[in-house]
Structure formats: structure tokens, C-alpha cells
DNA sequence: GTCCAGGACCTAG
DNA sequence: CTAGGTCATGGA
């Protein structure tokens with residue numbers, strides 16, 4: 001094993017696979033699998049990829065492995081302070097206390113029973129914001145592809161640990177070339193707002209992001225230029241922070257709430273996407289037509305102080321389990 | 001081929 | 001405030 005550094009963290013009740021692969025962050029992949037290989041959009045219930053994952057947090061490549069209530073972290077370079085990882089994985093969060101605040105109804109009980117151990121991460125604001133600008137009307141597997149291309153082409157290279165090459169036989173079908181730098185199997189940091197702001201729209205479109213390219217470009221300019229100060233959002237209220245995010249092109253209520261929840265830790269934020277909307281309608285309002293506004297009000301009032309956490313449980317629950325009766329109509 | 005994807009935005013009623 | 005069209009791209 002190459003140099004690097006390793007540490008262990010007590011992590012009871014932590015479903016690493018669900019947490020890293022359930023669509024709140026887009027840069028994690030099973031360790032030792034080539035970037036081009038990808039992995040299924042929806043992990044099946046209880047799916048474990050050997051519990052070994054790799055990704056990049058800020059400027060650091062890291063490998064994570066879950067072993068019976070312990071998470072083992074390995075980096076490429078020596079670390080004397082692991083606070084960045086504690087913060088990202090939110091080791092200090094007491095999951096039981098959060099689950100206790102969930103409404104005591106059948107849908108939530110089912111979701112918690114099915115997804116226990118699912119956590120919320122605390123991500124870098126710009127990476128989270130940019131990623132979710134790219135997320136609109138895209139499947140999670142595609143968001144990962146777009147983000148990977150963006151990082152390969154415009155992110156700073158970071159040293160990668162482990163030994164990918166020796167642990168994986170040459171793939172039978174070589175992956176299609178995805179840019180000049182991606183072929184080496186290297187790792188890259190997420191490109192800064194300033195770097196994205198320096199791109200042309202054509203360069204961004206070449207990362208397969210389509211009509212989202214101008215949104216990302218304009219938002220990057222506003223962030224890099226200081227017109228929207230992402231650091232300041234940490235010290236103002238959730239509602240005020242939301243108003244700031246809504247100034248950015250390509251950012252509506254849903255994406256703003258994702259950033260508030262996944263990057264700033266505003267746990268009252270409740271992103272409503274197509275999956276959560278389906279879950280709310282079918283689990284809480286079966287065969288009754290509910291207006292969009294009524295649904296939003298219900299979501300705001302029903303799920304308590306950790307509504308965002310509840311939302312992630314509902315999201316993961318319906319995506320992994322599917323929705324019971326009406327969701328899969330037989331094709332006569 | 002069709003439908004849909006962790007939407008936002010613009011226009012018209 | 002709601003309804004519909006538009007924007008790219010690729011899974012399923």
C-alpha cells in the first residue's frame with residue numbers, strides 16, 4: 001500500500017452506502033472500479049459494495065470502508081487533523097435523537113425501518129450548489145457523469161491513494177475517452193467557482209450538461225464575483241439564505257432547499273422533487289387530488305424540526321422500495 | 001420508438 | 001396562482 005494515512009472512526013448506526021450513493025452527493029463510487037464503469041442508479045435495499053468507497057472531499061482524495069460500527073478512512077497524504085472528515089460525515093450527529101422527532105405515522109415508520117442508518121452529509125457549498133444546478137431533470141447516474149466530466153476537465157488534480165490498477169484487471173471494453181486528463185484514472189478536486197466562471201458556455205456544454213450550461217456559468221460568475229457570498233449564508237437564517245440562493249439563475253425552490261439542507265445543515269429545509277412529491281401524494285394523500293400549494297404546506301407543517309432528514313428517508317425509501325399498490329401498473 | 005429524469009423559467013390565462 | 005411549452009441528454 002502506498003504511503004498515505006489511515007484513521008478509524010466509531011460510527012454506529014451508519015449506512016455508508018445509502019448515505020454516499022442516495023443522491024445527495026455525486027462524487028462517490030465503489031473503490032477500485034474505473035470511473036467509466038459507473039454503478040446502478042438505485043442501490044437495492046441493503047446493497048453494500050463491499051462497504052468500500054472512494055471520493056474527493058475538498059482538496060483530498062479519500063477511501064472509506066465500513067466495518068462493523070467503524071468507518072476506516074484512508075488518504076493519499078498524511079493527515080494530522082481529521083476534522084474535515086468528521087464534519088463531512090457528521091459523526092457527531094446523534095441519529096436516534098433525530099429519528100425521534102419524526103412524525104409517528106405509518107409512512108415514516110416504514111421509511112425508517114427500511115433505511116435506518118441513512119445520514120445527511122455536510123458538503124462544500126459551492127460544490128453542492130453547482131452539482132444541483134446540474135441535477136435538474138437528470139437521473140442521478142447522469143448527474144454523476146456530468147460532475148465527473150466537469151472535475152476531470154477543470155478541477156485541480158489531487159494525489160490518489162490505494163492501488164487501482166493492480167486490483168482491477170484491464171477492462172474488456174475500454175471506456176470511451178472522456179477528455180484528456182480523465183484517462184489516467186487520477187482524481188480531481190471540484191472546480192472552483194472562479195474556474196467555472198472562466199469557462200466558455202461551449203466548454204461546459206461539452207460536459208453533457210445541455211441547457212444547464214448557461215445557468216452554471218452565470219451562477220459561477222455571481223459567486224466568484226462576490227455578488228452572492230456563499231460563506232455569509234452560514235451565519236444568517238434559513239429563509240434569508242434561501243432568498244440569497246434564489247438570486248442565482250437555475251436555482252429555484254427545490255435546488256435552493258437541497259443546498260440549504262446538504263451544505264448548510266438547515267434541517268428544516270424540505271426539497272420536493274418528483275420522487276418526494278410522489279411519496280407525499282401516495283403515502284399521505286392516497287386517492288385524493290391535492291394542489292401543489294397544499295402539498296407544500298403539509299410538508300412544511302408535518303415533519304417537524306428535522307423535516308429535511310425525514311425527506312431524505314422518504315426519498316430513499318420510495319426509490320429503493322418503490323411505491324406499493326399503484327406504482328407498478330401491470331401492462332395488460 | 002416512448003417516457004422520464006432530485007427543475008427552472010417564461011408566457012398566457 | 002395554475003397550466004403548458006421549452007430547454008439537452010441519455011437511461012429504462
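The values are calculated or read from the model by the stated rules, or taken from the named source; none is laboratory data. The structure displayed is predicted, hence computed values, not measured ones. As a convention, Cβ positions derive from the backbone with ideal geometry for all residues, glycine included, and neighbour counts pool all protein chains shown.
Before moving on, here are some points about what is shown:
- Some residue of the range A:143-166 being at pLDDT below 70 and either surrounded by 14 or more Cβ atoms within 10 Å (Cβ to Cβ) or in a loop (DSSP other than H, G, I, E, B) (or both): yes
- Test result for residue A:296, more than 11 Å from DNA strand B (Cβ to nearest atom), in contact with a helix residue (DSSP H, G or I) (Cβ under 8 Å, 6 or more places away or on another chain) and over 18 Å from residue A:124 (Cα atoms): no
- Answer from A:42, A:67, A:48, A:29 - the residue that is under 19 Å from residue A:142 (Cα atoms), at pLDDT below 95 and surrounded by fewer than 20 Cβ atoms within 10 Å (Cβ to Cβ): A:42
- Residue within the range A:310-328 that is at pLDDT below 95, part of a loop (DSSP other than H, G, I, E, B), more than 10 Å from DNA strand B (Cβ to nearest atom) and buried (at least 16 other Cβ atoms within 10 Å of the Cβ) present: yes
- Every test in (1) closer than 28 Å to residue A:231 by Cα; (2) touching a residue at least 40 places away in the same chain (Cβ under 8 Å) is passed by residue A:139 save one, and that test is (1).
- Taken over the range A:77-105, the residue count meeting the criterion of being in contact (Cβ under 8 Å) with a residue 60 or more places away in the chain and loosely packed, with under 11 Cβ neighbours inside 10 Å is 2.
- Pairs with Cβ under 7 Å, 6+ apart, first in the range A:251-263 and within 7 Å of DNA strand B (Cβ to nearest atom), second in a helix (DSSP H, G or I): A:251/A:133; A:251/A:219; A:251/A:245; A:255/A:132; A:255/A:133; A:256/A:242; A:256/A:245; A:258/A:132
- Failed condition for residue A:242, given (1) surrounded by fewer than 22 Cβ atoms within 10 Å (Cβ to Cβ); (2) within 14 Å of DNA strand C (Cβ to nearest atom); (3) under 25 Å from residue A:88 (Cβ atoms): (2)
- Pairs with Cβ under 6 Å, 6+ apart, first in the range A:308-328 and more than 23 Å from residue A:262 (Cα to Cα), second modelled with pLDDT under 95 and surrounded by fewer than 24 Cβ atoms within 10 Å (Cβ to Cβ): A:323/A:282
- Helices (runs of 4 or more DSSP H) enclosed by the range A:67-140 - at least 2 residues per element that are in contact with a helix residue (DSSP H, G or I) (Cβ under 8 Å, 6 or more places away or on another chain): A:95-100, A:106-115, A:125-133
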